[in-house]
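Structure first, commentary second.
The values are calculated or read from the model by the stated rules, or taken from the named source; none is laboratory data. Every value quoted in this text rests on a predicted model; they were computed, and no experiment measured them. Using ideal geometry, Cβ is built from the backbone for each residue, glycine included, and neighbour counts are taken over all protein chains shown. The area values use the complete protein model at the heavy-atom level, side chains included, leaving out ligands, DNA and RNA. Shrake-Rupley method; radii C 1.70, N 1.55, O 1.52, S 1.80 Å.
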Amino acid sequence: MSEKTGTGTETGAEAGPDTAADAGARPGNGGIWIFGATGRTGRRIAALLAARGLPPVLVGRDATRLREVAGEVDGDARTVVAATPEEAARRLAEDAAAGAPAVVVNTIGPFTSTAVPLIRACPPGTHYLDLSNELTSIRQVLDLHEEALAQGSTLVPGAGFGVCATESAARKVREGRPTPERVRVDALPSVESEPGLLGPALAASLVDGFAIGGRRYEAGRLVRVRLGGGVETLTLPDGSTARTLAVPTGDLEAAHHATGAPYVTAGNSEVPSGRAIRALLPLLAAVLARPAIGNAAKRRLARVEVKPKPPARAHSWARAHATWPDGTTHEVWLRAADGMDFTTTIAAEVAARLSQGGTPPGAHTPATLFGPGLAEAVGGRFVEGGATSRTV
């Protein structure tokens, strides 16, 4: 990421939505477009927005399913049929003449393929958010900071549990303190699984995430490390334990910007962390990085049948642990509801705030733009200290 991007992101945090109200970007009047509106997250976001009196424009591939969703969330909701992300981008650009959309909500993965084309199809002044937690995608969108400034648009990648939860904890751990030397963030989502196929979008995101291999920040630079390391066993504030594995997610980039720490690692509880699995992960990354094999893996994974499963624990958690050069440490946890509920509620909240105008233009992650209070506004609660971790 360019140095300009980092500076722009921090400027957004300093300005904030209130102080930027006079000079902030003003959205169009064409409503809030939801791309992927018939999917699990798209449907929920549409319903939340409609309940707030913000009728969404539903965009998807299947006209029949779009009409069903429209009937569920708002009988007057407009629908737009687009068979591919590329066609969706064209429809967005074509429709600008009838009134630029106020906000575009992108729920279509892999975001490394969909985010930039959709952003560039948006008319000037249209705001954008997505649910990405892909390291590459988050960096791609943040690198559009200068373009967004010129267009008068606000771009918010990572508006879900991934990125927003750990970034909020990271900003809280830094609050009122100097820049730490080291930060580790960990995401521990708890999600109730719904039955159905895994699907091509999620399959592509998973494969692409592993294919880039391990990453972390060292001396302020994003460097390659062995995938399968950085395992920690955590004791959560509620007394339960969980294991997390260092993985190259968007949380890593957001935590680096949120704290300014030169050494940053991001972990996640959803990746298997057994000794045998960890030994195979570097080989898996190398194999999936080959396009033919990676594409075949995506096709196979997309056909996997997901079985219903209750959430792993009562709450989702995000943790930020900071260490300063003098050895001082501080830890903050964010307790949230079901990870999917948190994701859709955050996305709807960010979309609603963007539609009101007054946000500083540029590219910003959610808690950098709106502060850690964004997580509290949707029911999250911060818990400071009182937990332990053990490196495996």
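Taking every Cα-Cα distance in the chain and sorting them into 20 Å bins from zero, the calculated P(r) comes out as 29, 60, 10, 0 percent.
Projecting the alpha carbon convex hull of the range 233-392 along each direction and taking the average yields 12.7 nm². Once C-alpha pairs closer than 8 Å and six or more residues apart are averaged by separation and normalised to the residue number of the chain, the relative contact order reads 25 percent. Using a simple spin-label model with pseudo-atoms 7 Å out from Cα toward Cβ, A51 and R313 lie 2.6 nm apart. Would you mind classifying the range 149-245 by shape? Square roots of the alpha carbon gyration tensor eigenvalues, ordered a ≥ b ≥ c; an a/c under 1.5 is rounded, otherwise it is prolate if a/b is larger than b/c and oblate if not. Rounded, because the longest to shortest axis ratio a/c is under 1.5. May I ask for the angle, rounded to the nearest 10°, between helix 85-95 and the longest principal axis of the chain, with both axes built from Cα atoms and the value confined to 0 to 90°? The two axes meet at around 40 degrees. With a Förster radius of 41 Å applied to the beta-carbon distance between R78 and E192, the computed FRET efficiency rounds to 0.85.
Out of the total accessible area of the chain (probe 1.4 Å, heavy atoms of protein only), what percent is carbon and sulfur?
Roughly 52 percent of what the probe reaches on the chain is carbon or sulfur.
Over the range 268-392, what is the mean sequence separation of C-alpha contacts under 8 Å (at least six apart), divided by residue count, expressed as relative contact order in percent? Relative CO of the range 268-392 lands at 21 percent. Taking each pair of different alpha-carbon atoms in the range 38-121 once, compute 1/r for the pair, average those values, and report the inverse of that mean as the Kirkwood hydrodynamic radius in Å to one decimal. Computed over Cα pairs of the range 38-121, the Kirkwood hydrodynamic radius comes out at 13.1 Å. Within the range 169-285, antiparallel bridges make up roughly 65 percent of the DSSP beta bridges whose residues both belong there.
Keeping every protein chain present and rolling a 1.4 Å probe, give me the accessible area per residue for the chain in Å².
It amounts to 42 Å² per residue over the chain.
Note on the chain: antiparallel DSSP beta bridges, both residues inside, total approximately 60 percent of the bridges counted.
Evaluated with a Cβ-only charge set (Lys, Arg +1; Asp, Glu -1), the chain carries a dipole of roughly 1280 debye about its Cα centre, given to the nearest 20. A crude spin-label estimate for the pair T64 and A377, with each label 7 Å from Cα along the Cβ direction, gives 4.0 nm.
Note on the range 126-188: the C-alpha convex hull projects to 5.3 nm² when averaged across all orientations. Between the listed residues V105, G385, G31, the Cα displaced farthest toward the positive end of the dipole of the chain, a dipole computed from Cβ unit charges relative to the Cα centre, is found at G385.
Could you state the per residue volume, in Å³, of the convex hull enclosing the Cα atoms of the range 267-338?
170
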